[in-house]
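Only one structure is covered here, and it is reproduced in the block below.
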Protein chains: 2
Amino acid sequence: MYNADEAAGAPTAIICEKIWLAIAERRLRPGTRLKEEQLAEIFSVSRARIRQALTALERDGLVTIMPNRGAFVSEPSVDEARDVFVARRAIEQRVVERLCERATPKDIVRLRGHIEEERIAGRSGNLSDIVRLSGGFHLLLAELSGSAFLFGILRDLVSRTSLITAMYRSNHLHNCGPDEHLAVVEHIAARNVASAIKEMAEHLNHVEAELDLDEEKDQPRDLRTALL
Amino acid sequence: MYNADEAAGAPTAIICEKIWLAIAERRLRPGTRLKEEQLAEIFSVSRARIRQALTALERDGLVTIMPNRGAFVSEPSVDEARDVFVARRAIEQRVVERLCERATPKDIVRLRGHIEEERIAGRSGNLSDIVRLSGGFHLLLAELSGSAFLFGILRDLVSRTSLITAMYRSNHLHNCGPDEHLAVVEHIAARNVASAIKEMAEHLNHVEAELDLDEEKDQPRDLRTALL
DNA sequence: GTACACAATATTGTCTACAATTTTGTAGTC
DNA sequence: GACTACAAAATTGTAGACAATATTGTGTAC
């Protein structure tokens, strides 16, 4: 009596998440065209619902909709990629500042627990979990900072970071996540604002530095500049 | 041969703007119900288009959509209002920092020109222009900072600030905008990062302080807490 | 043989009708 | 007389059909 298609009749949010995950896991490459009718069939929903999902994904920056042309998985340029990190440094500095003032022992426990999950995922090698938990750590910090807006903004930025990582990740990725995450948490636990901010800034710099964001892949977006 | 209804057949963006303006000018009060069919008739468009506009406005935080219940003009709580300023201080600090490094003489001219417009609007007393230009100054700073994301985030925050101002504005508003704006610009022109940041922070504090954000109006959102 | 114009196809954008849900009003019963 | 259950009205949510637009393929003229 089971429905063979587990995604049948899924609400908009589920569809968004499935597409988001596919992008984050690189099953959907940047530039891929997303035909509405095709998606509607895959998810066994109406095209109207797919359109809702696509517009939602567009505002998260994961897909780009060109009028009368269709939706594509976004291809953030190098400049846009760097820009995401500019914004993240601004937001996350403030998040860390606030946490140094407000973090409860319970919060610290929760953060350490999350890092432990990251370690487990790292050992198991489950890419989906690694991607989700790594971003989740930063989101958890934002959530605990008590500012719904900083959280919301960072949610956006983490999504975009996933796409950027999928697009520009260099071959040699050494999973430095959990260790640096723990360092940030310990500074927060010690209420050492300056150190916590510095650690977070360095962490974000490391993440950015691990990407192939230099020269080369700069203009393959436009056919003209790519071929001439 | 003129169509009596000037908004007939308007695209989604126009509808959003008209509603946004109505909220910013307090013609639509927080909590007002926005019936889709009614709006569709007013703007002479289909209900589907109204739905698009409403979901876009929800994303900007100006309206709240409750499933199967309808759309209402948002009623940001005091906490949410303060939160907007937390986020703005974080974003605008970074905007000012970047501008101190990157602002060209041309940028400074443009900023001074904008402030002049604000002064003119202030003298004419056109509330619509005052609201728009006052927020526009901050958006111009963000635009000139060269970060599309900081700009996009601030765009959101300025919209929400308009709603908050409409909701919590105290009776005695002394239009301190242009003068403080000019002070920020002059510090930027002088490449004085610390002073510019400080001036901006104080300006935002003043704007926040002018609102009736203390106690009282805290929980009239929920009928239960309002009446019991 | 090449280039331009035109037609066919495919895909998106929009509107209208139907279904589901909530709210409001009414009647019946304790 | 008040409370509960039911029914009717109104409003939102969804889906399917139609129209507009862009792209691709073909034919003809130079």
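Read-outs throughout are calculated quantities, based only on the coordinates presented, and are distinct from any laboratory measurement. Owing to the predicted nature of the structure, the values given are computational and were not obtained by experimental measurement. Cβ atoms come from the backbone with ideal geometry, glycine included; neighbour counts cover every protein chain shown.
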For chain A, with a Gaussian network of springs between Cα atoms less than 10 Å apart, report the residue from A:192, A:126, A:68 with the top mean-square fluctuation.
A:68
Tell me the distances, shortest first, between residue A:117 and the same position across the other copies, using label points 7 Å along Cα→Cβ, in nm to one decimal.
4.7
Convex hull over the alpha-carbon atoms of segment A:12-73: what's its volume per residue in Å³?
74
Please provide three numbers in whole Å: the alpha-carbon extents of chain A along the principal axes, with the largest listed first.
57, 54, 34
Can you list the HN-Hα couplings for segment A:126-139, worked out from phi with the Karplus curve (6.51, -1.76, 1.60; θ = phi - 60°), rounded to whole Hz and with x for Gly and Pro?
6, 4, 4, 5, 4, 4, 5, 6, 4, x, x, 4, 5, 5
For peptide B:83-93, the mean count of other chain Cβ atoms within 10 Å per residue Cβ is 5
Once you have all Cα-Cα distances for segment B:1-109, histogram them in 5 Å bins from zero and send the whole-percent values.
2, 10, 16, 17, 14, 10, 11, 9, 7, 3, 1
GNM flexibility winner over chain A from A:73, A:193, A:96 (Cα, springs under 10 Å)
A:193
For segment B:90-210, take the alpha-carbon Rg, divide it by the Kirkwood Rh, and send me Rg/Rh.
0.94
Where the only charges are on Cβ atoms (+1 Lys, Arg; -1 Asp, Glu), what is the dipole of segment B:12-73 about its Cα centre, to the nearest 20 debye?
140
Could you tell me the center-to-center distance, by alpha carbons, between segment B:129-173 and segment A:91-133 in angstrom?
33
In sequence order, what are the phi-derived ³J(HN,Hα) couplings for segment B:44-60 according to the Karplus relation 6.51 cos²θ - 1.76 cosθ + 1.60 with θ = phi - 60°, rounded to whole Hz, with x for glycine and proline?
6, 10, 6, 5, 4, 5, 4, 4, 4, 4, 5, 5, 5, 5, 5, 4, 7
Would you kindly compute the Cα radius of gyration of the protein assembly as shown and its largest Cα-Cα separation (Dmax), both in Å?
23.5, 73
Give me a comma-separated list of calculated 3J(HN,Hα) values for segment A:95-105, in order, Karplus coefficients 6.51, -1.76, 1.60 applied at θ = phi - 60°, integers in Hz, x for any Gly or Pro.
4, 5, 3, 5, 5, 4, 7, 10, 4, 8, x
Relative contact order [Cα under 8 Å, 6+ residues apart], segment B:78-209, whole percent:
41
